[in-house]
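Asker: The structure follows.
The values are calculated or read from the model by the stated rules, or taken from the named source; none is laboratory data. All values reported here derive from a predicted model rather than from experimental measurement. Neighbour counts are summed over all protein chains in view; Cβ atoms, including those assigned to glycine, are modelled from backbone coordinates with ideal geometry. Keep in mind that these areas ignore ligands, DNA and RNA; they rest on the heavy atoms of the full protein, side chains included. Shrake-Rupley method; radii C 1.70, N 1.55, O 1.52, S 1.80 Å.
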Amino acid sequence: MTDFFFFGTLRHMPLLRIVMGREPSVSAAELRGFSVRHVEGADFPMLVASPKGTAIGILVENVTKAEQERLNFYEAGFVFDLMEQTVETNNGPKPTMVYRARGLSPSEVPWDLDTWVANHGAMTVEAAAEIMRAHDAGMSVETLTQRQAIIRARAHSTISTSQSRRPETISAGATRAEVTIHETRHPYEAFFRVDEVTLSHKAHDGGEVGPIDRAVFVVTDAVTVLPYDPVRDRVLLIEQIRIGALVRGDQQPWMLEPVAGMIDAGETPEQTALRETHEEAGLTLTSTNLHHISTYYPSPGGIAQRFVSYVAVCNLPDAAAGLGGESTEHEDLRAHLVPFDTLMEMVRSGEAANAALIISAQWLQAERNRLQAGA
């Protein structure tokens with residue numbers, strides 16, 4: 001058995017419990033000669049040699065080999081390796097193992113646990129549960145490293161949704177508290193995830209429904225942006241192959257859509273909208289260009305995902321049309337400039353077969369005069 005000193009995110013007990021797979025007993029400890037700073041451009045910390053510094057942390061004693069494998073798997077995804085260090089405890093100096101960053105650069109900003117918990121704790125705990133299921137399923141560290149971003153993005157979507165509330169004017173007001181989840185199974189977890197849930201819930205007549213079994217496709221929340229030029233009265237549409245249409249048997253799997261992209265962990269929907277509009281359409285916008293349409297579930301009966309849709313008022317010269325996409329993401333995109341009247345005819349004829357495009361076009365139809373007036 002081995003003793004471990006944790007100076008960063010694993011001081012958060014809900015996270016440590018998930019990673020270790022048990023409730024550990026901890027005690028206070030200090031690592032002198034080091035300070036704890038943010039990794040440059042990231043939300044997690046690293047140790048930095050500092051002659052006058054002291055890294056505050058916790059000591060977990062008697063970590064088993066199986067628990068160390070779990071810890072190694074989790075930390076390897078963040079490019080951390082084990083090193084031996086001597087820490088100060090209430091019982092004097094003690095040799096322990098400490099995770100040190102490999103190939104990462106520190107910022108000048110000190111890292112604070114309470115601030116991190118407030119901003120990132122819930123999302124990180126949610127992501128850790130999926131990461132450790134991957135460990136139990138035998139996933140390699142290399143595969144985990146590739147999937148880390150999408151796992152965290154999924155967790156970010158879950159926490160963002162859990163912290164939001166819709167207005168209620170007609171609904172009976174039933175809440176999540178009136179649902180009992182008996183079991184959740186995860187038969188497939190990769191770029192997307194499938195959850196199987198056994199649940200019961202309160203019925204509208206006061207009784208109970210269930211237990212019932214349901215399966216749901218778990219997808220990271222996404223943003224859509226319909227660029228609109230009010231002077232030229234035209235929009236920009238993206239054409240690309242869509243696998244959902246292909247697998248459905250559609251003979252025309254290339255679809256016309258607004259700009260679209262998944263919300264990365266730590267991003268706001270607005271930030272995603274601006275990033276994706278630049279990547280897919282080559283348009284550099286600010287949040288003042290964006291007009292929020294709605295935040296909605298495209299198909300809540302079987303897909304756990306929300307869309308946040310915008311219209312972006314912008315300049316669309318003829319040069320905005322053409323080919324593009326991120327080759328590293330295997331994107332092959334064609335941008336089309338479409339007059340507003342043509343867009344609405346596409347909605348009427350069925351040529352516009354993408355839900356976000358139809359919703360965005362209909363919103364634009366209602367708000368077009370206001371946008372053209374500069375309001």
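Asker: Could you check the stretch 35-45 and list, in sequence order, the residues that are in contact with a Phe, Trp or Tyr (Cβ under 8 Å, 6 or more places away or on another chain) and either surrounded by fewer than 18 Cβ atoms within 10 Å (Cβ to Cβ) or of a type outside the set (D, E, K, R) (or both)?
Answerer: Let us first name the residues in the stretch 35-45 that are in contact with a Phe, Trp or Tyr (Cβ under 8 Å, 6 or more places away or on another chain), namely 36-38, 43-45.
Hits for the stretch 35-45 are 36, 38, 43, 44, 45.
Asker: Of everything in the stretch 1-33, what is open to solvent by 30 Å² or more (accessible area, probe 1.4 Å), within 26 Å of the chain's Cα centre (by Cα) and touching a residue at least 40 places away in the same chain (Cβ under 8 Å)? Give them in sequence order.
Answerer: Of everything in the stretch 1-33, those that are open to solvent by 30 Å² or more (accessible area, probe 1.4 Å), within 26 Å of the chain's Cα centre (by Cα) and touching a residue at least 40 places away in the same chain (Cβ under 8 Å) turn out to be 11, 12, 14, 18, 21.
Asker: Going through the stretch 238-293 one residue at a time, which ones are in a loop (DSSP other than H, G, I, E, B), open to solvent by 40 Å² or more (accessible area, probe 1.4 Å) and farther than 14 Å from residue 357 by Cβ? Break it down stepwise before answering.
Answerer: In the first step, residues of the stretch 238-293 are kept if they are in a loop (DSSP other than H, G, I, E, B); the result is 242, 249-253, 258, 263-268, 282-286.
With open to solvent by 40 Å² or more (accessible area, probe 1.4 Å) added as a condition, the list becomes 242, 249-252, 264, 266, 268, 282, 284, 286.
Result: 249, 250, 251, 252, 264, 266, 268, 282, 284, 286.
Asker: Let me ask another. Scan the stretch 154-163 and tell me whether some residue there is open to solvent by less than 60 Å² (accessible area, probe 1.4 Å), closer than 17 Å to residue 14 by Cβ and more than 15 Å from the chain's Cα centre (by Cα).
Answerer: no
Asker: Right, here's the next one. Which residue pairs have Cβ atoms under 8 Å apart, sit 6 or more places apart or on different chains, and have a first residue in the stretch 192-207 that is more than 13 Å from residue 178 (Cβ to Cβ) and at pLDDT 90 or above and a second that is open to solvent by 30 Å² or more (accessible area, probe 1.4 Å) and among the acidic types (Asp, Glu)?
Answerer: Qualifying pairs under 8 Å: 196/213; 197/183; 197/213; 198/183; 198/213.
Asker: Let me ask another. Can you tell me which condition residue 46 does not meet? The list is (1) under 30 Å from the mean Cα position of the chain (by Cα); (2) closer than 26 Å to residue 122 by Cβ; (3) in a strand (DSSP E or B); (4) without any contact (Cβ under 8 Å) to a residue 60 or more places away in the chain, and all the others hold.
Answerer: With (1) under 30 Å from the mean Cα position of the chain (by Cα); (2) closer than 26 Å to residue 122 by Cβ; (3) in a strand (DSSP E or B); (4) without any contact (Cβ under 8 Å) to a residue 60 or more places away in the chain applied to residue 46, the lone miss is (4).
Asker: Going by the conditions given, is residue 235 assigned to a strand (DSSP E or B), in contact with a helix residue (DSSP H, G or I) (Cβ under 6 Å, 6 or more places away or on another chain) and hydrophobic (A, V, I, L, M, F, W, C)? Explain how you work it out, then say what you get.
Answerer: Values: assigned to a strand (DSSP E or B): yes; in contact with a helix residue (DSSP H, G or I) (Cβ under 6 Å, 6 or more places away or on another chain): yes; hydrophobic (A, V, I, L, M, F, W, C): yes.
Here the answer is yes, as residue 235 does meet what is asked.
Asker: If you go through the stretch 306-330, how many residues are in contact with a strand residue (DSSP E or B) (Cβ under 7 Å, 6 or more places away or on another chain) and under 26 Å from residue 158 (Cβ atoms)?
Answerer: 5
Asker: Moving to a separate point now. Within the stretch 213-229, does at least one residue satisfy the condition of being over 25 Å from the mean Cα position of the chain (by Cα), closer than 24 Å to residue 358 by Cβ and not acidic (Asp, Glu)? Walk me through how you get there before you give the answer.
Answerer: Taking the stretch 213-229 and keeping what is over 25 Å from the mean Cα position of the chain (by Cα), we get 213, 228-229.
Pick out the ones that are also closer than 24 Å to residue 358 by Cβ and you get 228-229.
Now restrict to residues that are not acidic (Asp, Glu): 228.
The answer is yes; a qualifying residue exists.
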